[in-house]
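The structure appears below as structure tokens.
The values are calculated or read from the model by the stated rules, or taken from the named source; none is laboratory data. If you're wondering where the values come from, they're calculated on a predicted model, not measured in any experiment. In this analysis, Cβ positions are derived from the backbone assuming ideal geometry, glycine residues included, and neighbour counts consider all displayed protein chains. Please note that ligands, DNA and RNA were not included when accessible areas were found on the heavy atoms of the full protein model with its side chains. Shrake-Rupley method; radii C 1.70, N 1.55, O 1.52, S 1.80 Å.
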Amino acid sequence: MANNKGNTSETLDKGLRILNLYCGEKATYSLSEISRCLGINKTSVFRFVNTLCEHGYLQKDAKARGAYSLGIKTIPLAHSFLQKADIVQCIKPYVDEVHKQYDLHIDVGLI
């Protein structure tokens with residue numbers, strides 16, 4: 001991440017870092033886990049998570065008590081991105097690099 005401290009919102013940055021945790025393999029995080037992973041105090045994490053839940057980007061996970069997972073609002077956001085972004089142009093450099101490095105043929109599909 002570029003160092004633009006004077007030009008960015010530290011508060012928004014923390015909220016986006018919380019959402020970014022869900023880009024990995026893990027589907028749920030507790031407040032303590034989020035706090036530990038990101039180095040944000042638990043009280044702040046609580047407020048960020050509650051705000052994200054209120055807007056539908058996170059939700060309390062029904063299966064894992066005290067944990068949070070992505071909320072329903074992430075679906076239209078992702079759908080909008082997929083509809084408007086030129087996915088082929090976005091992934092082509094990665095596919096080309098793998099082909100060049102490993103001499104593999106790669107087919108890409110979206111579900």
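Within region 94-111, restricting attention to residues that are open to solvent by less than 80 Å² (accessible area, probe 1.4 Å) and hydrophobic (A, V, I, L, M, F, W, C), which residue is modelled with the lowest pLDDT? Among them, the one singled out is I106. Residue count for region 94-111, restricted to those that are part of a loop (DSSP other than H, G, I, E, B) and of a type outside the set (A, V, I, L, M): 4. Check region 33-49 and report whether any residue there is open to solvent by 60 Å² or more (accessible area, probe 1.4 Å) and aliphatic (A, V, I, L, M). No, there is no match, as no residue in region 33-49 is open to solvent by 60 Å² or more (accessible area, probe 1.4 Å) and aliphatic (A, V, I, L, M). Mind checking which residues of region 6-51 are free of Cβ contacts under 8 Å to residues at least 12 places away in the same chain and either in a strand (DSSP E or B) or of a type in the set (A, V, I, L, M, F, W, C) (or both)? The answer is L12, L16, C23.
Taking region 56-93, which residues are more than 15 Å from the chain's Cα centre (by Cα), in a loop (DSSP other than H, G, I, E, B) and surrounded by 10 or more Cβ atoms within 10 Å (Cβ to Cβ)? If the condition is that a residue be more than 15 Å from the chain's Cα centre (by Cα), in a loop (DSSP other than H, G, I, E, B) and surrounded by 10 or more Cβ atoms within 10 Å (Cβ to Cβ), then D61, A64, G66, A85 are the ones that fit. Annotation note: Cβ proximity below 8 Å between a residue of region 75-93 that is at negative phi and among the hydroxyl-bearing types (S, T, Y) and a residue that is part of a helix (DSSP H, G or I) and at pLDDT 80 or above (sequence gap 6+ or interchain) occurs for no pair.
Modelled with pLDDT under 95 and touching a strand residue (DSSP E or B) at 6+ places or on another chain (Cβ under 7 Å), is that true of D61? Talk me through it step by step, then tell me what you get.
On the way: modelled with pLDDT under 95: yes; touching a strand residue (DSSP E or B) at 6+ places or on another chain (Cβ under 7 Å): yes.
When the stated conditions are applied, D61 passes them.
Report yes if G39 is in contact with a helix residue (DSSP H, G or I) (Cβ under 9 Å, 6 or more places away or on another chain), within 23 Å of E10 (Cα to Cα) and not β-branched (V, I, T), otherwise no. Reasoning before the result, please.
Values: in contact with a helix residue (DSSP H, G or I) (Cβ under 9 Å, 6 or more places away or on another chain): no; within 23 Å of E10 (Cα to Cα): yes; not β-branched (V, I, T): yes.
Spelling it out, it is not the case that G39 is in contact with a helix residue (DSSP H, G or I) (Cβ under 9 Å, 6 or more places away or on another chain), within 23 Å of E10 (Cα to Cα) and not β-branched (V, I, T).
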